[in-house]
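Enquirer: Encoded as structure tokens, here's the structure I'll be asking about.
The values are calculated or read from the model by the stated rules, or taken from the named source; none is laboratory data. Because the structure is predicted, anything quoted here is derived from the model rather than measured. As a convention, Cβ positions derive from the backbone with ideal geometry for all residues, glycine included, and neighbour counts pool all protein chains shown.
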Number of protein chains: 2
Amino acid sequence: MTAELWLTQLHENGYRLTDARRAVVETVEKSTRALTPVEVYDLARRKYRALGLVTVYRTLEKLEELHLIQRVHQPQGCQAFISAGQGHQHLLLCKNCGQVAFFDGDDLDALTRAIARKSGYQITEHWLQLFGLCADCRTQ
Amino acid sequence: MTAELWLTQLHENGYRLTDARRAVVETVEKSTRALTPVEVYDLARRKYRALGLVTVYRTLEKLEELHLIQRVHQPQGCQAFISAGQGHQHLLLCKNCGQVAFFDGDDLDALTRAIARKSGYQITEHWLQLFGLCADCRTQ
DNA sequence: CTGGTATTGAAAATCATTTTCAATTAGTAT
DNA sequence: ATACTAATTGAAAATGATTTTCAATACCAG
């Protein structure tokens, strides 16, 4: 996924392409760690000085709506966003540097079925997130 | 876990027992769905009218610190708390009524090891949360 | 009972997010 | 190209959640 593709997605969904949106998209798309709206604002203003924080919020909203980014939940807070994975993927977060990796192939079907049987719940969704140290932080 | 035990825990950790804290503890301990600070405030004020919202925040903070409650992350927000499960347990949330159930016995070791190998991360923690419909909501 | 100190609630401060609004601008139709 | 028009913009104000400040109160050890 490149920034160009994200912009195309926006355009195809009826949104106009502006310098403000380009700056936000390029910033978020290339980040390998989750960014808060203010962090996006600070970084994106290097590309487009006139950018307003409100526009960052509004652009993030649209990107989330198009499933191009996703919110990251962490003990310290839940305001940060990262580019979304492809298909059904989960997050792996480095507690030290904040680096985000994706993984798929989680097969929780057996677990889910067992829990459903015991609890009487009909399970429709799951959230799984792993925390740890990335390869770089591990060796330092 | 009863409200009395929570109060004992607070006392044993050097905190004083007050009417305000008793009202908050009794409210949160007996709830089967996650409550936001304002919800706790509204409910607890039925027991202790003079309660202040600030005290609710301060008491929730202490209960979380003692691992008697835990924050619940949901798509609509992450400000709600629920009584914590025993040991290593995960949450199962009803999307309709908000009812919370706990489950344990999640064996994610095999999955975790596989992800660790592929990603190079050293995995130290995981968050797993299931969503669905509770038995009651399912049949309505 | 008493005294020292943790705790209280109200008000103000802070921080994150949303709304309002007039000016600008992207992109379509000419 | 040019003009038009609705979407988009940033600033300021409003809102909502949470934290800090502070003087008054009340818990509880002695």
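Enquirer: Just one of (1) at pLDDT 95 or above; (2) in contact with a Leu (Cβ under 6 Å, 6 or more places away or on another chain) trips up A:HIS90, so point out which.
Expert: For A:HIS90, the failing item is (1).
Enquirer: Just checking, which of A:LEU108, A:LEU128 is among the hydrophobic types (A, V, I, L, M, F, W, C), at pLDDT below 95, in contact with a Phe, Trp or Tyr (Cβ under 8 Å, 6 or more places away or on another chain) and not assigned by TED's automatic domain parsing to the domain that holds A:ARG16? It would help to see each step written out before you state the result.
Expert: Details: A:LEU108 fails: in contact with a Phe, Trp or Tyr (Cβ under 8 Å, 6 or more places away or on another chain).
Testing whether each residue is among the hydrophobic types (A, V, I, L, M, F, W, C), at pLDDT below 95, in contact with a Phe, Trp or Tyr (Cβ under 8 Å, 6 or more places away or on another chain) and not assigned by TED's automatic domain parsing to the domain that holds A:ARG16 leaves just A:LEU128.
Enquirer: For the stretch B:103-114, does any single residue satisfy the condition of being over 30 Å from A:ASP136 (Cβ atoms) and either buried (at least 16 other Cβ atoms within 10 Å of the Cβ) or hydroxyl-bearing (Ser, Thr, Tyr) (or both)? Explain how you work it out, then say what you get.
Expert: Step one: filter the stretch B:103-114 for residues over 30 Å from A:ASP136 (Cβ atoms), giving B:103-105.
Retained after the next criterion (residues that are either buried (at least 16 other Cβ atoms within 10 Å of the Cβ) or hydroxyl-bearing (Ser, Thr, Tyr) (or both)): B:103.
So far as the stretch B:103-114 goes, yes, one or more of its residues are over 30 Å from A:ASP136 (Cβ atoms) and either buried (at least 16 other Cβ atoms within 10 Å of the Cβ) or hydroxyl-bearing (Ser, Thr, Tyr) (or both).
Enquirer: Here's another thing I want to ask about it. Would you point out the residue of the stretch B:115-140, among those that are within 22 Å of A:ASP136 (Cα to Cα) and outside any strand (DSSP E or B), that is farthest from the other protein chains (Cβ to nearest Cβ)? Explain how you work it out, then say what you get.
Expert: Applying the first criterion (within 22 Å of A:ASP136 (Cα to Cα)) to the stretch B:115-140 yields B:115-126.
Right, trim to outside any strand (DSSP E or B) and you get B:115-121.
Numbers: B:ILE115: 5, B:ALA116: 8, B:ARG117: 11, B:LYS118: 7, B:SER119: 5, B:GLY120: 3, B:TYR121: 5 Å.
Restricting to residues being within 22 Å of A:ASP136 (Cα to Cα) and outside any strand (DSSP E or B), the top hit is B:ARG117.
Enquirer: Same structure, new question: Regarding the stretch A:32-47, can at least one residue be identified that is outside the structural domain of A:GLN99 (by TED's automatic domain parsing), touching a residue at least 40 places away in the same chain (Cβ under 8 Å) and among the basic types (Lys, Arg)?
Expert: yes
Enquirer: Need pairs with beta-carbon distance below 9 Å; first residue over 17 Å from B:LEU35 (Cβ atoms) and within the stretch B:48-59, second modelled with pLDDT of 95 or more and more than 6 Å from DNA strand C (Cβ to nearest atom); sequence gap 6+ or separate chains.
Expert: B:ALA50/B:ASP19
Enquirer: Checking B:ILE82 against (1) under 26 Å from A:GLN70 (Cα atoms); (2) more than 16 Å from DNA strand D (Cβ to nearest atom); (3) more than 11 Å from every other protein chain (Cβ to nearest Cβ), only one condition comes out false. Which one?
Expert: For B:ILE82, the exception is condition (2).
Enquirer: Does the stretch A:3-25 contain any residue that is within 14 Å of chain B (Cβ to nearest Cβ), away from DNA strand D (no atom under 14 Å from the Cβ), closer than 30 Å to B:TYR121 by Cα and under 17 Å from the mean Cα position of the chain (by Cα)? I'd like the intermediate steps shown before the answer.
Expert: Quick first cut of the stretch A:3-25, residues within 14 Å of chain B (Cβ to nearest Cβ) only: none.
Within the stretch A:3-25, not a single residue is within 14 Å of chain B (Cβ to nearest Cβ), away from DNA strand D (no atom under 14 Å from the Cβ), closer than 30 Å to B:TYR121 by Cα and under 17 Å from the mean Cα position of the chain (by Cα).
Enquirer: Can you tell me which residue is surrounded by the fewest Cβ atoms within 10 Å (Cβ to Cβ) among those in the stretch A:56-78 that are within 11 Å of another protein chain (Cβ to nearest Cβ) and under 25 Å from A:THR124 (Cα atoms)?
Expert: Among those that are within 11 Å of another protein chain (Cβ to nearest Cβ) and under 25 Å from A:THR124 (Cα atoms), it is A:PRO75.
Enquirer: If you scan the stretch B:29-49, which residues turn out to be away from DNA strand C (no atom under 14 Å from the Cβ) and β-branched (Val, Ile, Thr)?
Expert: B:THR32, B:THR36
Enquirer: When you scan the stretch B:89-112, do you find a residue that is at the interface with chain A (Cβ under 9 Å from one of its Cβ atoms), among the β-branched types (Val, Ile, Thr) and touching a helix residue (DSSP H, G or I) at 6+ places or on another chain (Cβ under 8 Å), even just one?
Expert: No; the residues of the stretch B:89-112 include none that is at the interface with chain A (Cβ under 9 Å from one of its Cβ atoms), among the β-branched types (Val, Ile, Thr) and touching a helix residue (DSSP H, G or I) at 6+ places or on another chain (Cβ under 8 Å).
Enquirer: Looking only at the stretch B:94-114, count every residue that is part of a strand (DSSP E or B) and without any contact (Cβ under 8 Å) to a residue 24 or more places away in the chain and tell me the total.
Expert: 1
Enquirer: Another one. Checking B:THR32 against (1) more than 14 Å from every other protein chain (Cβ to nearest Cβ); (2) away from DNA strand D (no atom under 15 Å from the Cβ), only one condition comes out false. Which one?
Expert: (1)
Enquirer: Let me ask something else about it. May I ask you to verify whether A:LEU53 is aliphatic (A, V, I, L, M), surrounded by fewer than 17 Cβ atoms within 10 Å (Cβ to Cβ) and more than 11 Å from chain B (Cβ to nearest Cβ)? If you could, list the steps in order and put the result at the bottom.
Expert: On the way: aliphatic (A, V, I, L, M): yes; surrounded by fewer than 17 Cβ atoms within 10 Å (Cβ to Cβ): yes; more than 11 Å from chain B (Cβ to nearest Cβ): yes.
For A:LEU53, the condition - aliphatic (A, V, I, L, M), surrounded by fewer than 17 Cβ atoms within 10 Å (Cβ to Cβ) and more than 11 Å from chain B (Cβ to nearest Cβ) - is met.
Enquirer: Consider the stretch B:84-93. How many of its residues are assigned to a strand (DSSP E or B) and surrounded by fewer than 20 Cβ atoms within 10 Å (Cβ to Cβ)?
Expert: In the first step, residues of the stretch B:84-93 are kept if they are assigned to a strand (DSSP E or B); the result is B:90-93.
Restricting the remaining residues to those that are surrounded by fewer than 20 Cβ atoms within 10 Å (Cβ to Cβ) gives none.
Final tally of qualifying residues: 0.
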